[in-house]
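Read-outs: derived from the displayed coordinates by stated rules, not from any lab. Note that the structure is predicted; figures quoted are calculated from it, not measured. Virtual Cβ from ideal backbone geometry, glycine too; neighbours counted across all protein chains shown.
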Amino acid sequence: QSVLTQPPSASGTPGQRVTISCSGSTSNIGTNSVNWYQQLPGTAPKLLIYFNNQRPSGVPDRFSGSKSGTSASLAISGLQSEDEAEYYCEGWDDSVNARVFGGGTMLTVL
Amino acid sequence: QVTLRESGPALVRPTQTLTLTCTFSGFSLSTQGMCVSWIRQPPGKALEWLALIDWDGDKYYSTALKTRLTISKDTFKDQVVLTMTNMDPVDTATYYCARILGVYNAFDVWGQGTVVTVSS
């Protein structure tokens, strides 16, 4: 059971906009920033969004993040077939003094 | 260029102790804000954070596994070592090390991972 809750799956068609949610609590998302990672099959995760809504250099602006209260969201616009991957949210939890991950969301491009 | 590489045994027997080494380059763990962490991923399952050590030597552990984990660093060798005691088949996973860059407060660079199987 993950501390951060994500839907197990999401889907969309090419060109569409999809959002993936991440729900937490006051001790994690409510107080600290949220990061998002993309994991393509058979590869290590890659940082997609940090500090709720910042993109590292090289990440397309089709990817955006937001946070409100104890929830965060990752939005992907102009969906492409290469976006098919597992997506994880992550952050720090003050109540356990530990980093925590969401359970992951598998995005399928139909 | 920042790189991290995990190394360790591919097969561990139940009850044995696992020792994994993360060898990194392109940064110094003595630089303020730098951290190195271990994360694992059982086959077909989600990422699970294990432990973290920061530039100042402070250590943080997963609540669920803290009694079995020890993380340490060798700044001169640019290595971080994780030991996990009393290994069980449920610990079979890909183990990753990753860097946290202070200004990002996120795992910005990951190793390729090393697969550890626990079996008799």
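Things worth noting here:
- Leading residue by the ranking (farthest from the other protein chains (Cβ to nearest Cβ)) among those in segment A:22-39 that are of a type outside the set (Gly, Ala, Ser) and touching a Lys or Arg at 6+ places or on another chain (Cβ under 8 Å): A:Ile29
- On the stretch given as segment A:93-106, residues that are surrounded by 20 or more Cβ atoms within 10 Å (Cβ to Cβ) and assigned to a strand (DSSP E or B) total 7.
- Residues satisfying the stated conditions in segment B:45-65, i.e. within 7 Å of chain A (Cβ to nearest Cβ) and either at positive phi or part of a loop (DSSP other than H, G, I, E, B) (or both): B:Ala46, B:Leu47, B:Ser62, B:Thr63
- The residue that is surrounded by the most Cβ atoms within 10 Å (Cβ to Cβ), counting only those in segment B:85-120 that are of a type in the set (Asp, Glu) and more than 8 Å from chain A (Cβ to nearest Cβ), is B:Asp91.
- Enumeration of residues in segment B:46-92 that are hydrophobic (A, V, I, L, M, F, W, C) and touching a residue at least 60 places away in the same chain (Cβ under 8 Å): B:Val81, B:Leu82, B:Met84, B:Met87
- Every residue from segment A:61-74 that is surrounded by 15 or more Cβ atoms within 10 Å (Cβ to Cβ) and assigned to a strand (DSSP E or B): A:Phe63, A:Ser64, A:Gly65, A:Lys67, A:Ser71, A:Ala72, A:Ser73, A:Leu74
- If you go through segment B:46-71 and keep only what is within 14 Å of B:Tyr95 (Cβ to Cβ) and among the aromatic types (Phe, Trp, Tyr), you end up with just B:Trp49.
- When segment B:1-45 is filtered for residues that are touching a Phe, Trp or Tyr at 6+ places or on another chain (Cβ under 7 Å), touching a residue at least 40 places away in the same chain (Cβ under 8 Å), more than 16 Å from B:Tyr96 (Cβ to Cβ) and surrounded by fewer than 17 Cβ atoms within 10 Å (Cβ to Cβ), the ones remaining, listed by number, are B:Ser30, B:Gln32, B:Gly33.
- The numbered conditions (1) within 14 Å of chain B (Cβ to nearest Cβ); (2) assigned to a loop (DSSP other than H, G, I, E, B) are all true for A:Gly78 except (1).
- Of residues in segment B:71-84 being assigned to a loop (DSSP other than H, G, I, E, B) and out of contact with any strand residue (DSSP E or B) (no Cβ under 7 Å at 6 or more places or on another chain), the one farthest from the other protein chains (Cβ to nearest Cβ): B:Phe76
- Selection count where residues are in contact with a Phe, Trp or Tyr (Cβ under 6 Å, 6 or more places away or on another chain), of a type in the set (A, V, I, L, M, F, W, C) and in a loop (DSSP other than H, G, I, E, B), scope segment A:1-60: 1
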